[in-house]
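Notes to accompany the following structure.
The values are calculated or read from the model by the stated rules, or taken from the named source; none is laboratory data. This is a predicted model, so every value here is computed, not measured. Cβ: placed from backbone, ideal geometry, glycine included. Neighbour counts: every protein chain shown.
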Amino acid sequence: MTVPLIVDTYVGISSPGQDGRPSATSAIAPARPRPSPPSSMIERMTLILDAFDPATPTLSLLELAERTGLPRSTVHRILDQMIRLRWLAHSAGGYRLGIRPLELGGLAADHSEIRDVVNPLLYELCQRTGFVSHLAVLDGREVVYLDKVGGRAAAHLPTRLGGRLPAHTTAVGKAILASLDPSHVDALYRPCRTRLPVRTPRTIRSIADLLGELEQVRLRHGVAMDNEESMTGISCVAAPLRGRGPATAALSLCGDTRAMNAGRPASMVLEVAREASQALFPHRRRWP
């Protein structure tokens with residue numbers, strides 16, 4: 001006797017069980033639709049550039065299509081344009097980054113200079129306190145970490161070089177934001193007027209609360225706190241690096257909340273931040 005397959009228009013095709021009825025475990029659920037690829041050329045180019053990493057500096061056409069989710073024909077067409085504009089180069093093994101990203105990277109030389117000056121001071125902070133030290137800059141409403149020092153303790157923090165976090169959740173972010181004019185901060189966060197991104201139960205949730213917190217940072221001569229606002233169980237203290245104008249960057253110490261409260265490292269962070277600022281901006285008036 002032949003047992004017919006039972007077709008359900010909702011769950012797809014079910015294969016028969018031992019008793020001739022369709023098995024519940026064999027039903028095929030409808031495939032989730034894949035997100036549509038971005039339509040703009042800039043977004044597609046960004047997807048292709050982001051596909052490269054240190055472990056795979058050269059990628060084939062097929063690998064790029066798989067990593068970006070773009071049709072192979074689309075990737076091929078964009079690759080031709082990116083090679084012509086020097087974003088990419090064609091090599092024997094496939095495609096690799098071209099000279100233009102390196103040229104633009106030269107515009108970030110200031111960040112390298114800051115890192116070179118501050119890195120020894122981060123090591124000094126780490127050795128004096130046993131905590132993890134960071135150097136970060138502001139990029140929109142996020143901070144980007146330029147350096148991280150902390151030995152074994154650093155492995156317990158998910159921060160990394162080049163990593164990003166919402167500025168309002170971090171001590172380094174608040175230290176830099178507090179150096180800006182309040183109207184600038186208000187305009188920067190206007191798109192998030194209703195609610196700021198939340199990482200922990202202690203994260204600042206409104207622009208009004210953030211502006212109030214930044215005013216307190218100014219009263220503490222630029223010293224900013226992160227009391228488990230980015231990571232539960234971790235607290236940080238930060239101070240800005242600045243000359244006459246807004247802060248260029250900020251450095252911080254982070255560690256277990258109980259140890260940070262007992263160590264009271266704010267004065268050390270402020271001292272080292274002023275030393276770094278003097279080294280970076282020797283001809284500018286030192287901030288108070």
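Only residues that are closer than 20 Å to LEU214 by Cα and either free of Cβ contacts under 8 Å to residues at least 60 places away in the same chain or surrounded by fewer than 17 Cβ atoms within 10 Å (Cβ to Cβ) (or both) were counted across region 243-263, and they come to 4. Of the residues making up region 15-49, those that are in a helix (DSSP H, G or I), under 23 Å from the mean Cα position of the chain (by Cα) and either modelled with pLDDT under 90 or surrounded by 13 or more Cβ atoms within 10 Å (Cβ to Cβ) (or both) are ARG44, MET45, THR46, LEU47, ILE48, LEU49. In this structure, does ALA55 turn out to be farther than 20 Å from ALA238 by Cβ, surrounded by 13 or more Cβ atoms within 10 Å (Cβ to Cβ) and without any contact (Cβ under 8 Å) to a residue 12 or more places away in the chain? So ALA55 does not fit the description; no.
Does region 72-88 contain any residue that is among the aliphatic types (A, V, I, L, M), loosely packed, with under 14 Cβ neighbours inside 10 Å and under 25 Å from the mean Cα position of the chain (by Cα)? Break it down stepwise before answering.
Step one: list which residues in region 72-88 are among the aliphatic types (A, V, I, L, M), which gives 75, 78-79, 82-83, 85, 88.
Still in the list and also loosely packed, with under 14 Cβ neighbours inside 10 Å: 85.
Of the ones still in play, those that are also under 25 Å from the mean Cα position of the chain (by Cα) are none.
No: region 72-88 contains no residue that is among the aliphatic types (A, V, I, L, M), loosely packed, with under 14 Cβ neighbours inside 10 Å and under 25 Å from the mean Cα position of the chain (by Cα).
When region 84-104 is filtered for residues that are of a type outside the set (Gly, Ala, Ser) and either in a loop (DSSP other than H, G, I, E, B) or modelled with pLDDT of 80 or more (or both), the ones remaining, listed by number, are ARG84, LEU85, ARG86, TRP87, LEU88, HIS90, TYR95, ARG96, LEU97.
Look at (1) farther than 16 Å from GLU213 by Cα; (2) charged (D, E, K, R); (3) in contact (Cβ under 8 Å) with a residue 12 or more places away in the chain and you find that LYS174 fails only one, number (1). Within region 214-235, the set of residues being among the aliphatic types (A, V, I, L, M) and surrounded by 17 or more Cβ atoms within 10 Å (Cβ to Cβ) comprises LEU214, VAL217, VAL223, ALA224, MET225, MET231, ILE234. With respect to the conditions (1) of a type outside the set (A, V, I, L, M); (2) part of a helix (DSSP H, G or I); (3) under 30 Å from PRO240 (Cα atoms), SER73 lacks only one, and its number is (3). Among the numbered criteria (1) part of a helix (DSSP H, G or I); (2) in contact with a Pro (Cβ under 9 Å, 6 or more places away or on another chain); (3) at pLDDT below 95, which one does VAL143 miss? Among (1) part of a helix (DSSP H, G or I); (2) in contact with a Pro (Cβ under 9 Å, 6 or more places away or on another chain); (3) at pLDDT below 95, the lone unmet condition for VAL143 is (1). The residues on offer are LEU180, LEU196, LEU157, LEU211, and the sole one that is surrounded by fewer than 24 Cβ atoms within 10 Å (Cβ to Cβ), aliphatic (A, V, I, L, M), assigned by TED's automatic domain parsing to the domain that holds VAL269 and closer than 15 Å to ASP139 by Cβ is LEU180.
Take the residues of region 225-266 that are β-branched (Val, Ile, Thr) and either part of a loop (DSSP other than H, G, I, E, B) or within 20 Å of the chain's Cα centre (by Cα) (or both): which is modelled with the lowest pLDDT? Let's see the steps before the verdict.
Taking region 225-266 and keeping what is β-branched (Val, Ile, Thr), we get 232, 234, 237, 248, 257.
Filter again for either part of a loop (DSSP other than H, G, I, E, B) or within 20 Å of the chain's Cα centre (by Cα) (or both), leaving 232, 234, 237, 248.
Working: THR232: 93, ILE234: 93, VAL237: 96, THR248: 85.
Looking at residues that are β-branched (Val, Ile, Thr) and either part of a loop (DSSP other than H, G, I, E, B) or within 20 Å of the chain's Cα centre (by Cα) (or both), I get THR248.
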